[in-house]
Amino acid sequence: VGRDLVIPRAYVSHGFRSAAQDVATERLGPRGREDARLALDRETRAHRPSRLDRMIEAQLDAQGRIRVAHLRAPDRSPELTDALKARARELKRLGLATEIGRNIFQFEPGWQDGLKAMELHLDIRKALVRARTHDLARGLADPARQLSKALKLPPGLDR
């Protein structure tokens, strides 16, 4: 009757996203080249883990180093290769890698954890902004506040 639902880790990691992409493509049509380029550009600048990071990690040597010019997309796509190089530079800018030689980057141990921490920090900030916006909207709509603003107190009592 009440059996456990077991979903393989790989499906949770990639299958749900793939299924959602299939549904979106079915309803909206194929993604245009410009949309794909903009999405790749956003991914390059993201302050969160991305698929580009996994591709970079797979190409690091045992000491966590890579020559930026040697970064290559698995499918040899020039656009994705350029995005990988831009992402490596962005990770350096974020302080997660250091340039130890000309275009040779040393990635800090735990650099992926640093990205996860950045993502968490952004999520917390977004939640705080949402809560504050909600509180402000609720305060403006509060009938008691509106009534107190509308009431004029007699002279001498308005202090």
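Collect the residues in region 106-125 that are surrounded by 12 or more Cβ atoms within 10 Å (Cβ to Cβ) and among the charged types (D, E, K, R), keeping them in residue-number order.
Once the filter is applied, which keeps residues that are surrounded by 12 or more Cβ atoms within 10 Å (Cβ to Cβ) and among the charged types (D, E, K, R), region 106-125 yields GLU108, ASP113, LYS116, GLU119.
If ASP35 satisfies all but one of (1) surrounded by 14 or more Cβ atoms within 10 Å (Cβ to Cβ); (2) more than 20 Å from HIS14 (Cα to Cα), what's the number of the condition it fails?
Checking ASP35 against (1) surrounded by 14 or more Cβ atoms within 10 Å (Cβ to Cβ); (2) more than 20 Å from HIS14 (Cα to Cα), the one that fails is (1).
Can you tell me which residue among ALA117, ALA131 is among the small types (Gly, Ala, Ser), assigned to a helix (DSSP H, G or I), more than 28 Å from GLN59 (Cα to Cα) and free of Cβ contacts under 8 Å to residues at least 60 places away in the same chain?
Answer to the check: ALA131.
Residue pairs, Cβ under 9 Å, 6 or more apart or interchain, first in region 23-40 and over 11 Å from GLU79 (Cα atoms), second not in a helix (DSSP H, G or I). List them.
ALA24/ARG31; THR25/ARG31; ALA39/ARG31
Conditions first: (1) part of a helix (DSSP H, G or I); (2) exposed (fewer than 11 other Cβ atoms within 10 Å of the Cβ). LEU5 passes all but one, so which condition is the exception?
It is condition (1) that LEU5 fails.
For region 41-55: of the residues being of a type outside the set (D, E, K, R) and more than 21 Å from LYS126 (Cβ to Cβ), which is nearest to the chain's Cα centre (by Cα)?
Per the criteria, the residue is LEU52.
Does region 114-150 hold any residues that are modelled with pLDDT under 80 and not basic (Lys, Arg), and which are they?
Passing the criteria: ALA137, GLY139, LEU140, ALA141, ASP142, PRO143, ALA144, GLN146, LEU147, SER148, ALA150.
The values are calculated or read from the model by the stated rules, or taken from the named source; none is laboratory data. Being a predicted model, the structure only gives us computed values, none of them experimental. Cβ: placed from backbone, ideal geometry, glycine included. Neighbour counts: every protein chain shown.
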